[in-house]
1. If packing is taken as the mean number of other Cβ atoms within 10 Å per residue, what is the order of 111-118, 14-21, highest first?
2. On a 0 to 90 degree scale, rounded to 10, what angle separates helix 94-107 from the longest Cα axis of the chain?
3. I'd like the distance separating the alpha-carbon centroids of the range 223-256 and the range 65-131, in whole Å.
4. Within the P(r) computed for the range 190-273, what percentage of the Cα pairs occupies the region above 16 Å?
5. For the range 49-109, what is the largest minus smallest coordinate of the Cα atoms on each principal axis, given in angstrom and ordered from greatest to least?
6. Return the equivalent ellipsoid semi-axes of the range 169-209 as a descending list in whole Å, where each equals the square root of 5 times an eigenvalue of the C-alpha gyration tensor.
7. Counting each DSSP H run of 4 or more residues in the chain as -39500 (n - 2.57), what helix-only mean residue ellipticity at 222 nm follows after dividing by all residues, to the nearest 500 deg cm²/dmol?
8. When the Kirkwood hydrodynamic radius is evaluated over all pairs of different C-alpha atoms of the range 1-109, what value in angstrom, to one decimal, is obtained?
């Protein structure tokens, strides 16, 4: 696999494109927004500059990485018919993802592998939108992608062993640590993480302690690098809510029901770092 297409130039998409391009792959980055593409490339440039300053890469490495990247505002114009692997990193919305995979199935060559960076949505369901479910797989990267070593490799019910082995090997080529998991709501990462974040929000909601105290307990007492409320802001409160709803619907268990405070904050547009305010306030 040499030709990679990444769909979505947001936080995860530009990070995934960065990592592939830095490891010598030709990457076509696709987003419906030209502004989104420019922001994505600017972010990659800033991250590469930081790596140069820290002497992790050279200026030549930076130039080579940027030369491996091309941007497009439509799938049809992106040369997607030549892609060996497509990684979808669009909004965490099941209907949007199903439409994208229907398109990909029609546009991509028969041998192409179609991957999703979804953090909770069923790979089996996504694969069902195509005529090649055996070649559909989850590649769940973690933010920030250039730094975090883990990739959760999610095998759908129909995903073939050959597809799984190929993607595991590819993740290792990127210097990542692939962990194979089966396709159940939330996989491993969010099935464990999101109930903890939700419980921290309930602890705040019920007046047990304030934001700083809850995060301090988990950082200093449990050796977490970031408190759960700070982490929720970092992930995005809308994303946390969406994942909890997937867990609640997928398992039919009320223990996954999102805290009313989380629901209200999302409705009020307080989404965390990306909106400037969540459990904490953020300036530029």
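No lab work stands behind these numbers, since they all come straight from the coordinates. Remember, predicted model here, so these are calculated numbers, not experimental data. Cβ coordinates were reconstructed from backbone atoms using ideal geometry, including for glycine residues, and neighbour counts include every protein chain displayed.
1. Details: 111-118: 23.0, 14-21: 26.6.
Those peptides, ordered most packed to least, come out 14-21, 111-118.
2. The two axes meet at around 10 degrees.
3. 25
4. 49
5. 43, 26, 19
6. In descending order, the three semi-axes are 33, 12, 5 Å.
7. Details: 11 runs with 127 residues, N = 284.
Only helices count here, giving -13500 deg cm²/dmol.
8. 14.1
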